[in-house]
1. Being closer than 30 Å to Thr243 by Cβ and either out of contact with any Gly (no Cβ under 9 Å at 6 or more places or on another chain) or in the same structural domain as Tyr149 (by TED's automatic domain parsing) (or both), is that true of even one residue in region 15-23?
2. Kindly establish whether Glu344 is over 27 Å from the mean Cα position of the chain (by Cα) and either at negative phi or modelled with pLDDT of 95 or more (or both).
3. Being closer than 19 Å to Ala399 by Cα, surrounded by 13 or more Cβ atoms within 10 Å (Cβ to Cβ) and not aliphatic (A, V, I, L, M) is the filter here; which residues of region 55-79 pass it?
4. What about Ala134, is it assigned by TED's automatic domain parsing to the domain that holds Leu378, among the hydrophobic types (A, V, I, L, M, F, W, C) and farther than 22 Å from Gly400 by Cα?
5. So Val241 clears everything in (1) in contact (Cβ under 8 Å) with a residue 60 or more places away in the chain; (2) of a type in the set (A, V, I, L, M); (3) within 23 Å of Gly198 (Cβ to Cβ); (4) not in a loop (DSSP other than H, G, I, E, B) except one condition, right? Which one?
6. With respect to Ser332, is the statement that it is among the hydroxyl-bearing types (Ser, Thr, Tyr) and under 30 Å from Ala251 (Cβ atoms) true?
7. Just to be sure I understand, how many residues within region 29-53 are surrounded by fewer than 22 Cβ atoms within 10 Å (Cβ to Cβ) and not in a helix (DSSP H, G or I)?
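The values are calculated or read from the model by the stated rules, or taken from the named source; none is laboratory data. If you're wondering where the values come from, they're calculated on a predicted model, not measured in any experiment. Here the Cβ positions follow ideal geometry from the backbone for every residue, glycine too, while neighbour counts run over all protein chains shown.
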Amino acid sequence: MRSIAVIGGGASGLMAAGTAREYGAEVTLFERNAKLGRKLAITGKGRCNVTNNCTVEEFLKNVVTNPRFLYSAISGFSPEDAIDFFERRHVPLKTERGRRVFPVSDSAYDIVDALASYASRSRIINKRVTEVAAENGKAAGVYAAGVFYPFDAVIICTGGLSYPGTGSDGDGYRFAGELGHTVNKPRPALVSIDLNDGFCRETAGLSLKNIALTLKLNGKKVFSELGELLFTHTGISGPLVLTASSLMKAAPASDYLLTLDLKPALDRDTLDKRLLSDFDKYSHRDFINALGALLPLKLIPVITDLSGINARKKVHDITRAERIKLCGLIKSFPLSIKALRPIEEAVVTAGGVSVKEINPSTMESKLIKGLYFAGEVLDVDALTGGYNLQIAFSTGRRAGMSAAKGN
């Protein structure tokens with residue numbers, strides 16, 4: 001019976017440990033926290049977006065970094081397989097908007113409990129691993145609290161750098177580097193964006209629905225989508241923003257340009273007609289008091305200021321040129337990017353162990369025999385919608401299976 005160490009009791013680690021036991025290995029799971037699945041328990045605001053109910057092909061289209069590397073793992077344990085896995089373990093699931101899959105209970109703890117139960121036949125040691133040892137190009141074991149534990153194989157499932165309070169502090173990157181692996185610089189993904197714009201404090205808390213966000217780099221469109229956005233005290237957040245942040249990897253964040261279409265259902269001509277109608281109705285009002293039917297209250301002073309039109313100018317005195325400029329501002333409201341929020345606040349970490357040095361069919365290192373990687377520690381990341389957890393499950397399962405079989 002092969003002896004296997006799994007480092008990390010999160011989504012990928014619990015799946016790897018349970019799978020390795022299922023395939024006949026003797027497993028020891030090292031988790032520094034007293035409780036398993038701490039980060040998993042807070043995902044999806046505590047509801048846990050388990051996976052995305054889509055095909056393998058559709059899934060890979062939503063992987064931002066190294067989708068081809070994941071083909072074998074996702075094909076071997078697909079979203080359909082993940083849904084079946086949890087439902088067979090008495091966790092009924094439901095599919096919501098965007099094909100996002102959640103527990104019917106809306107409790108992430110049901111997912112944590114199911115995975116912990118699956119891995120429960122493993123020996124669990126609540127100690128922090130400080131070193132992964134290798135001899136003659138082969139994994140030999142781990143050191144924890146000054147004690148050496150010998151193993152036939154080691155699976156590193158330590159996560160990234162996001163939410164460090166849950167134990168994700170980059171240990172896996174250090175282990176990989178010490179063993180000769182290339183670690184691509186970790187960076188935040190699925191994270192809020194800070195703006196240079198001075199109006200953030202005025203608009204903080206404002207939630208916009210059915211608006212379009214467009215991201216450009218050097219004049220070329222990178223992303224454009226309809227959805228929701230939230231203004232914060234320092235910038236913007238929300239589903240559209242998280243997606244945009246993950247796609248900002250070709251250049252510094254400040255090199256990108258963001259614009260909002262506040263009325264995507266109206267083209268410019270139709271919007272102009274709408275403005276003419278409103279201005280006719282409120283012709284004797286001050287300009288700043290004539291936009292209430294068109295724009296959210298918190299945004300009106302901002303739009304008024306950026307339009308260059310005197311806030312106290314009577315509506316009937318507004319020129320056609322001023323109105324056309326206002327239309328352009330509403331259809332393409334500019335946001336000046338300062339930076340992405342810190343990696344500690346990111347939903348996931350992009351970057352990590354280079355997949356060029358990992359066998360995609362087994363998750364085994366090409367440099368050290370018997371060393372495996374799974375989950376967020378790898379240089380793979382995807383958009384929001386359950387894709388990243390599925391990657392953790394699929395790579396964890398493949399690593400556990402391969403380690404148990406010795407391939």
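1. If we filter region 15-23 for residues that are closer than 30 Å to Thr243 by Cβ, which is where we start, we get 15-16.
Now restrict to residues that are either out of contact with any Gly (no Cβ under 9 Å at 6 or more places or on another chain) or in the same structural domain as Tyr149 (by TED's automatic domain parsing) (or both): 15-16.
Looking for residues that are closer than 30 Å to Thr243 by Cβ and either out of contact with any Gly (no Cβ under 9 Å at 6 or more places or on another chain) or in the same structural domain as Tyr149 (by TED's automatic domain parsing) (or both), one finds at least one in region 15-23, hence yes.
2. Values: over 27 Å from the mean Cα position of the chain (by Cα): no; either at negative phi or modelled with pLDDT of 95 or more (or both): yes.
No; evaluated as a whole, the condition is false for this residue.
3. Result: Asn66, Pro67, Phe69, Tyr71, Ser72, Ser75, Gly76, Phe77, Ser78, Pro79.
4. no
5. (1)
6. On the way: among the hydroxyl-bearing types (Ser, Thr, Tyr): yes; under 30 Å from Ala251 (Cβ atoms): yes.
Yes: the conditions hold for Ser332.
7. Selection size over region 29-53: 6.
Residue by residue, here is whether (1) farther than 30 Å from Glu228 by Cβ; (2) modelled with pLDDT of 95 or more; (3) hydroxyl-bearing (Ser, Thr, Tyr); (4) surrounded by fewer than 19 Cβ atoms within 10 Å (Cβ to Cβ) holds:
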| site | (1), (2), (3), (4) |
| --- | --- |
| Ser105 | no, yes, yes, yes |
| Ala108 | no, yes, no, no |
| Arg123 | yes, yes, no, yes |
| Val132 | yes, yes, no, no |
| Asn136 | yes, yes, no, yes |
| Cys157 | yes, yes, no, no |
| Gly160 | no, no, no, no |
